[in-house]
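Okay, structure first, notes after.
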Amino acid sequence: MRKRYWAPVLVLAVGFAGFKGYGAYTRSKPVDYSRGGGDFAALPSGTPTATAGTTAAPVVPSVTAGPTAGVTSLPRTDTTAAPTVAPGRSTVTAAPQPTRTAAGVVVPRVGTYSLQVSGSEKVQFGPVSFCNQKLPSSTHVVVKKAAGESPTSYDFDVPFFPGKTGQHDERHIYRYTKTAVLLDYEIATVTCQGVRQSSETSFKPEQPRIELPLRVGASWHYKGGGSSRTEDATFGVQRAEYLTIQGRKVLTYVVHTATSFTGDESGTRDQTWWYAPSWAMPVKWHEKQSGHRSGASYSGDITATVVAGPQ
């Protein structure tokens, strides 16, 4: 007797139709930014921004007395070491300069920073790959005061697919203090085969992404996370390195982070920041991660570099 195979095919077709319907539903729902304000990647009207190549409220460039212990002070062209730099101070200046609050906390200039991007990401269910997309080569990060947060908390909003809301959007909220740059909140929204999902974490305690003043060889550890994800991260300042932005050399400290996370979402993340004290923010970052969430596995390898300041 001849076997019939239509039943599994029918089940798969019905399942795919349901998947497509669910995708249409999720795309119709707005992304909920529970912290930092609902105006993703948009500056408030009337917010002053700087034209690339200009400065405002500059921080006087200087270095602390003497180099870091065990590290020799080297010429500007050397990228293996550099003297300790006090928060908000640098041996090299480039637009835009950060600003200093009345309490003496150095914070970044608000505005839109142009980014050059390379990388790709992949999502799959079991052996089936549903998404395997290359990121556009250019986008931007919008830095602005985070609504409803502390006076020194800032949104960093990145739409990796400009003009395609929810295709891959990320928001990070950093709180600035005299001694650290703290990650307080993050949300990443990705659309795969029409289905939109968001991963959201409010960090308790806050995660110290940068400890000030920066010093080559410094390291620290973090364990915490949110209600559905626990992170264990190790940070280390590997070296000082000069990057050229808008024709000017900018001193950065290369901070490497190795993270593992467990919970509703599990996996690993390997991230490197090129943090510029004279900009009070990373001007380049590379992230490679892989994990599991909601029955799917995902991976990504992304490098983003600032190529122009607020405009």
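If only one of 237, 254, 216 is more than 19 Å from residue 169 (Cα to Cα) and more than 19 Å from the chain's Cα centre (by Cα), which one is it?
216
Contact list please: Cβ distance under 7 Å, first residue in the stretch 282-296 and of a type in the set (Ser, Thr, Tyr), second residue surrounded by fewer than 17 Cβ atoms within 10 Å (Cβ to Cβ), pairs at least six apart or on different chains.
290/268; 290/299; 294/197
Restricting attention to the stretch 216-233, which residues are of a type in the set (S, T, N, Q), more than 21 Å from residue 277 (Cα to Cα) and either at pLDDT 95 or above or part of a strand (DSSP E or B) (or both)?
230
How about the stretch 267-298: which of its residues are in a strand (DSSP E or B), over 16 Å from the mean Cα position of the chain (by Cα) and surrounded by 21 or more Cβ atoms within 10 Å (Cβ to Cβ)?
298, the sole residue that qualifies.
Checking the structure you have, find out if any residue of the stretch 88-98 is at pLDDT 70 or above and surrounded by 14 or more Cβ atoms within 10 Å (Cβ to Cβ).
Here is the first cut: in the stretch 88-98, the ones at pLDDT 70 or above are 97-98.
Now restrict to residues that are surrounded by 14 or more Cβ atoms within 10 Å (Cβ to Cβ): 97-98.
Yes, the stretch 88-98 has at least one match.
Can you name the residue in the stretch 152-196 that is under 28 Å from residue 218 (Cα atoms) and among the hydroxyl-bearing types (Ser, Thr, Tyr) and, of all such residues, is farthest from the chain's Cα centre (by Cα)?
The residue in question is 179.
Is there any pair with a first residue in the stretch 142-171 that is closer than 14 Å to residue 183 by Cβ and a second that is not in a strand (DSSP E or B) and not aromatic (Phe, Trp, Tyr) whose Cβ atoms are under 6 Å apart and which are 6 or more apart or on different chains, and what are they?
152/105; 153/146; 154/146; 155/146
If you scan the stretch 249-266, which residues turn out to be over 17 Å from residue 218 (Cβ atoms) and either modelled with pLDDT of 95 or more or surrounded by 23 or more Cβ atoms within 10 Å (Cβ to Cβ) (or both)?
Those that are over 17 Å from residue 218 (Cβ atoms) and either modelled with pLDDT of 95 or more or surrounded by 23 or more Cβ atoms within 10 Å (Cβ to Cβ) (or both): 249, 250, 259, 260.
Do the conditions hold for residue 218, that is, is it within 19 Å of residue 43 (Cα to Cα) and surrounded by fewer than 20 Cβ atoms within 10 Å (Cβ to Cβ)?
no
Where in the stretch 113-174 are there strands (runs of 3 or more DSSP E), lying fully within it, with 2 or more residues that are at pLDDT below 95?
Fully inside the stretch 113-174 and qualifying: 128-134.
Output yes when any residue across the stretch 187-209 is part of a loop (DSSP other than H, G, I, E, B) and closer than 28 Å to residue 114 by Cβ, and no when none is.
No, because not a single residue in the stretch 187-209 is part of a loop (DSSP other than H, G, I, E, B) and closer than 28 Å to residue 114 by Cβ.
The values are calculated or read from the model by the stated rules, or taken from the named source; none is laboratory data. Predicted model only: the values in this text are computed from it and were never measured. Using ideal geometry, Cβ is built from the backbone for each residue, glycine included, and neighbour counts are taken over all protein chains shown.
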